[in-house]
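**Student:** Next up is a structure, given as structure tokens.
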């Protein structure tokens, strides 16, 4: 049992199911940061929800990058760190744009509470981001190493 848990949570892996599980767990942590800041900024400080969304998403993305680079998609040697970061950044910017579009659409057009809009937006973006990041980060690293 210990070996399985150790392999699941601590050993570097290329296993897609293990990476996906780790990514989802990390996504939960990043979502806590994202949602927490969204509600704090919007409800406590009166910041317009789309501005709060941009700030909170960026903070969640930062947490996601720092943890995923070391835990979900661990790198080999230092080769490709800059390219990996920029690929992650570009995906993040694209995700932020989609997030803002979804937030506006569901909140303003469909008239859903912004917190629910955020849940829907995160769900729509999450799976696509996993495979995009995995492809850009893992495949990029494999070609840089080989």
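The values are calculated or read from the model by the stated rules, or taken from the named source; none is laboratory data. Worth saying up front: this structure is predicted, and the values here are computed from it rather than measured. Cβ atoms come from the backbone with ideal geometry, glycine included; neighbour counts cover every protein chain shown.
**Student:** Do you know which of the residues in the stretch 9-32 that are part of a helix (DSSP H, G or I) and closer than 11 Å to residue 73 by Cα is nearest to the chain's Cα centre (by Cα)?
**Tutor:** Taking the stretch 9-32 as the starting set, the residues that turn out to be part of a helix (DSSP H, G or I) are 9, 16-32.
Narrowing the set further to residues that are closer than 11 Å to residue 73 by Cα leaves 16, 18-20, 22-23.
Values: 16: 16, 18: 16, 19: 13, 20: 12, 22: 12, 23: 8 Å.
Checked the stretch 9-32; the qualifying residue nearest to the chain's Cα centre (by Cα) is 23.
**Student:** Quick one: would you say residue 68 is assigned to a loop (DSSP other than H, G, I, E, B) and at pLDDT below 85? Reasoning before the result, please.
**Tutor:** Numbers: assigned to a loop (DSSP other than H, G, I, E, B): no; at pLDDT below 85: yes.
Criteria not met by residue 68.
**Student:** Inspect all residues belonging to the stretch 42-50 and state whether any of them is out of contact with any strand residue (DSSP E or B) (no Cβ under 8 Å at 6 or more places or on another chain), on the phi > 0 side of the Ramachandran plot and either assigned to a helix (DSSP H, G or I) or modelled with pLDDT of 95 or more (or both).
**Tutor:** Yes, the stretch 42-50 has at least one match.
**Student:** Any idea which residue in the stretch 111-146 is surrounded by the fewest Cβ atoms within 10 Å (Cβ to Cβ), counting only those that are modelled with pLDDT of 90 or more and over 14 Å from the mean Cα position of the chain (by Cα)?
**Tutor:** This residue is 111.
**Student:** While we're on this one: Could you tell me whether the stretch 103-110 includes any residue that is surrounded by 19 or more Cβ atoms within 10 Å (Cβ to Cβ), in contact with a helix residue (DSSP H, G or I) (Cβ under 6 Å, 6 or more places away or on another chain), part of a helix (DSSP H, G or I) and at pLDDT below 95? Working first, answer last.
**Tutor:** Pass one, the stretch 103-110, residues surrounded by 19 or more Cβ atoms within 10 Å (Cβ to Cβ): 103, 106-107.
From what is left, the residues that are in contact with a helix residue (DSSP H, G or I) (Cβ under 6 Å, 6 or more places away or on another chain) are 103, 106-107.
Still in the running and part of a helix (DSSP H, G or I): 103, 106-107.
In the following step, the residues that additionally are at pLDDT below 95 were identified as none.
No - not one qualifying residue is present in the stretch 103-110.
**Student:** Here is a follow-up. Looking only at the stretch 60-81, decide whether some residue is out of contact with any strand residue (DSSP E or B) (no Cβ under 6 Å at 6 or more places or on another chain), over 17 Å from residue 133 (Cα atoms), in contact (Cβ under 8 Å) with a residue 40 or more places away in the chain and surrounded by 14 or more Cβ atoms within 10 Å (Cβ to Cβ).
**Tutor:** Checked the stretch 60-81: no residue is out of contact with any strand residue (DSSP E or B) (no Cβ under 6 Å at 6 or more places or on another chain), over 17 Å from residue 133 (Cα atoms), in contact (Cβ under 8 Å) with a residue 40 or more places away in the chain and surrounded by 14 or more Cβ atoms within 10 Å (Cβ to Cβ).
**Student:** Check 35, 39 and return the single one that is under 26 Å from residue 59 (Cα atoms) and either under 16 Å from the mean Cα position of the chain (by Cα) or not in a helix (DSSP H, G or I) (or both). Full working, then the answer.
**Tutor:** Working: 39 fails: either under 16 Å from the mean Cα position of the chain (by Cα) or not in a helix (DSSP H, G or I) (or both).
35 is the lone residue from the list that is under 26 Å from residue 59 (Cα atoms) and either under 16 Å from the mean Cα position of the chain (by Cα) or not in a helix (DSSP H, G or I) (or both).
**Student:** Would you tally the residues in the stretch 28-59 being in contact (Cβ under 8 Å) with a residue 40 or more places away in the chain and over 25 Å from residue 85 (Cα atoms)? Break it down stepwise before answering.
**Tutor:** So the first thing to find is which residues in the stretch 28-59 are in contact (Cβ under 8 Å) with a residue 40 or more places away in the chain, and the list is 31, 34-35, 38-39, 42, 49-50, 53-54, 57.
Next, from what is left, pick out any that are over 25 Å from residue 85 (Cα atoms): 39, 42, 49-50.
Qualifying residue count, the stretch 28-59: 4.
**Student:** Answer yes or no as to whether residue 53 is at pLDDT below 95, assigned to a helix (DSSP H, G or I) and either more than 30 Å from residue 8 (Cα to Cα) or touching a strand residue (DSSP E or B) at 6+ places or on another chain (Cβ under 9 Å) (or both).
**Tutor:** Yes.
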